[in-house]
Amino acid sequence: MEVMHICSYYIGNELYKNLIGELSYTGITQHVVIPLKNKHLIGKNQLPSKYNTVTYYYKDILKSYDRVFYFHKIGKQLKEIERSLLSSVNIDFVHAHTIFSDGGTAYKLYEKYGIPYVINVRNTDINFFFKYAIHLRPYMYKILTNASKIVFISHSYKKFLLSRLPKKIANDIIGKCEVIPNAMDDFWHKNKSTEKFIENSSDVKLLFIGSLNKNKNLSTVLKVCSLLRSKNYHCTVDIIGDGQEKEANILLAKRLGIDNYVTFYGYVKEKTKIANIMDQAQIFIMPSLTETFGIVYIEAMSRGLPVIYTKDQGIDGFFKDGEVGFSVNPHMEEEIADKILKILNAYVQFSNRSIQRAKDFSWDMISNQYRNDVYKP
């Protein structure tokens, strides 16, 4: 099978490279088209040469005004694909990794050549194009209704988009919607934890990893820590991440009187250091206001940490509530504190289930889902 990927956001995101690398083991020949705005990015993020069934097509054809002149951009991409790829390769299937930036071109290829395509729904599709480019919605409906499959990264994104589409469009596409999450880097699978225990039942060691911005909602975590300490629990919070809200959160911790129990590590890149910090914690908590998926929840689970996550966001829907942790209202400190204590009361069971369920998020399993369930006309 000859598959063409159209992937506008390939540069700088390892998940695309990981997926394509795993797909190469399934017998698929892949052609990766990467539209660029900067020629200096040509050749970036490639797989090693041993992946000889993967060919890259870096195309320095985009301009800053293409977001305004959408159909001009789609036309440029179509012509470039026709010139440099379709003239010499028979493509069986197109994988467009976004609805708008990539799916628009995939739809044109389907319309002109009858090549079936699948599309992924990404953050930019929902929170930029669908929200602001209202004039493009009729074209979006054509892209969706003519796709062979529509893949969502999370149950929350599927629910969100279907609830906002015209009823007829939603009914037309619901049968071909799939939810396929991101996977963890192999590091976490190779270095997964075994068992974790609680030595002191009054200790509550929380861990937060994420950008320090309003959306990630660290302020609520700090308030929960203060609340638990008022209930005579020895609660601490370790924080990995940086961002524009760092100083505000440092001041909040001081105002709450918990600054001696909060540790800011800043941005940490090394996975081994992150794993070591995880191993000192008991529960991972990130009650984001909105969350696309949040692979960091799964990474924490692989180290035996139960998780607190936001209801109807991110990983919610992949697990039964109370299986590996709990979904919560991100604004309700009392509810969050209560769920943390429920985890602590059955900690070993939560921890063991977290380790086991994290195994499901491997690129091997996810690539097989694409190969067997998605890449079909």
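With θ set to phi - 60° and the Karplus curve 6.51 cos²θ - 1.76 cosθ + 1.60, what are the ³J(HN,Hα) couplings of region 231-246 in order, to the nearest whole Hz, using x for Gly and Pro?
After applying 6.51 cos²θ - 1.76 cosθ + 1.60, I find 9, 6, 9, 8, 9, 10, 10, 9, 10, 10, x, 9, x, 5, 9, 4 Hz.
Non-local amide H neighbours of LYS59 (under 5 Å, H modeled in plane, Pro and chain starts lacking H): which ones?
ILE34, LEU36
PRE reach from ASN372 (point 7 Å along Cα→Cβ): which of region 176-205 fall under 17 Å by backbone N?
Residues 178-181 qualify, since their backbone N sits under 17 Å from the label point.
What FRET efficiency comes out for ASN329 versus SER163 if R0 is 25 angstrom and r is the Cβ-Cβ distance? Round to the nearest 0.05.
The pair ASN329/SER163 has a calculated efficiency of 0.85.
What part of the accessible area of region 115-189, given as a whole %, is carbon or sulfur when the probe is 1.4 angstrom? The partial results should precede the final answer.
On the way: 1690 of 3100 Å².
Taking all protein chains in place, region 115-189 shows 55 percent carbon and sulfur surface.
Given 0.36 nm per residue, what is the gain on full extension from ILE174 to SER230 after removing their alpha carbon distance, in nm? Don't skip to the end; give the middle numbers.
On the way: separation 56, 0.36 × 56 = 20.16 nm, distance 4.79 nm.
Extra length from ILE174 to SER230 when fully extended: 15.4 nm.
For the pair VAL68/GLN349, report the inter-label distance in nm, with labels modelled 7 Å from Cα in the Cβ direction.
About 6.0 nm separates the two model spin labels.
Rank TYR157, TYR58, TYR113 by mean-square fluctuation in a GNM of the chain with C-alpha springs under 10 angstrom and give only the top-ranked residue.
Taking springs between Cα atoms under 10 Å, the residue moving most is TYR113.
Normalised by the residues of the chain, what does the relative contact order come to in percent, with Cα pairs under 8 Å and at least six apart?
16 percent
Would you calculate the separation in nanometres between label points at ASN213 and THR145, each defined as 7 Å from the Cα along the Cα-to-beta-carbon direction?
Between ASN213 and THR145, the simple spin-label model gives 3.5 nm.
Given a 1.4 angstrom probe, I'd like the percentage of the accessible area of region 227-343 that is carbon and sulfur, rounded to a whole number.
Here carbon and sulfur together make up 47 percent of the probe-accessible area.
Over region 1-159, give the accessible area per residue in Å² for a 1.4 Å probe, as an integer.
Numbers: 6900 Å² over 159 residues.
Solvent-accessible surface per residue comes out at 43 Å².
Work out from phi, with θ = phi - 60° and the Karplus expression 6.51 cos²θ - 1.76 cosθ + 1.60, the ³J(HN,Hα) of each residue of region 271-287, listed in order in whole Hz, and give x for Gly and Pro.
5, 5, 5, 4, 4, 5, 5, 4, 5, 8, 9, 10, 9, 8, 9, 8, x
May I ask you to give the percent of accessible area on region 1-93 that is carbon plus sulfur, with a probe radius of 1.4 Å?
50 percent
What does the helix-only formula give at 222 nm for the chain: each DSSP H stretch with n ≥ 4 adding -39500 (n - 2.57), the total divided by the residues, and the result rounded to the nearest 500 deg cm²/dmol? Intermediate results must be reported in sequence, preceding the final value.
Working: 14 runs with 138 residues, N = 377.
Rounded to the nearest 500, the figure is -10500 deg cm²/dmol.
Report, ordered by chain and residue number, the aspartates and glutamates lying within cross-link reach of LYS254, taken as a straight Cα distance under 16 Å and ignoring same-chain residues fewer than 8 apart.
List returned: ASP238, GLU245.
Within straight cross-link reach of LYS37, meaning Cα distance under 23 Å, which lysines are found once same-chain residues fewer than 8 apart are removed?
Those lysines meeting the cut-off are LYS17, LYS59, LYS63, LYS73, LYS76, LYS79, LYS108.
Compute and list, largest first, the equivalent-ellipsoid semi-axes of region 303-377 from the alpha carbon gyration tensor, each √(5λ) rounded to a whole angstrom.
Numbers: eigenvalues 171, 50, 11 Å².
Values for region 303-377, descending: 29, 16, 7 Å.
Please list, by residue number, everything in region 203-244 whose backbone N is under 18 Å from a paramagnetic label point 7 Å out along Cα→Cβ of LEU341.
203-206, 221-236
Quick one: Debye curve from the C-alpha atoms of the chain, no solvent, what's log10 I(q)/I(0) at q = 0.09 Å⁻¹?
The Debye formula, applied to the Cα set alone, gives -0.57.
Which of the aspartates and glutamates could be linked to LYS39 by a straight reach, that is with a Cα gap under 17 Å, when you skip same-chain ones fewer than 8 residues away?
Counting by Cα, and skipping residues close in sequence, LYS39 has these aspartates and glutamates nearby: ASP60, ASP66, GLU80.
From the phi of every residue in region 140-155, what ³J(HN,Hα) in whole Hz does the Karplus formula 6.51 cos²θ - 1.76 cosθ + 1.60 yield, where θ is phi - 60° and glycine or proline is x?
Those phi angles translate into 4, 5, 5, 4, 5, 6, 9, 5, 6, 9, 10, 10, 9, 7, 8, 5 Hz.
Return an integer: the convex hull volume of the alpha-carbon atoms of region 62-129, in Å³ per residue.
Residue-normalised Cα hull volume stands at 81 Å³.
Under a 1.4 Å probe, what is the accessible area of region 204-345 per residue, stated in Å²?
41 Å²
The values are calculated or read from the model by the stated rules, or taken from the named source; none is laboratory data. Quick caveat: nothing in here was measured; it's all calculated off a predicted structure. Reconstructed Cβ throughout: ideal geometry from the backbone, glycine too, with neighbour counts over all protein chains shown. Surface accessibility is based on the protein's heavy atoms, side chains included, excluding ligands, DNA and RNA. Shrake-Rupley method; radii C 1.70, N 1.55, O 1.52, S 1.80 Å.
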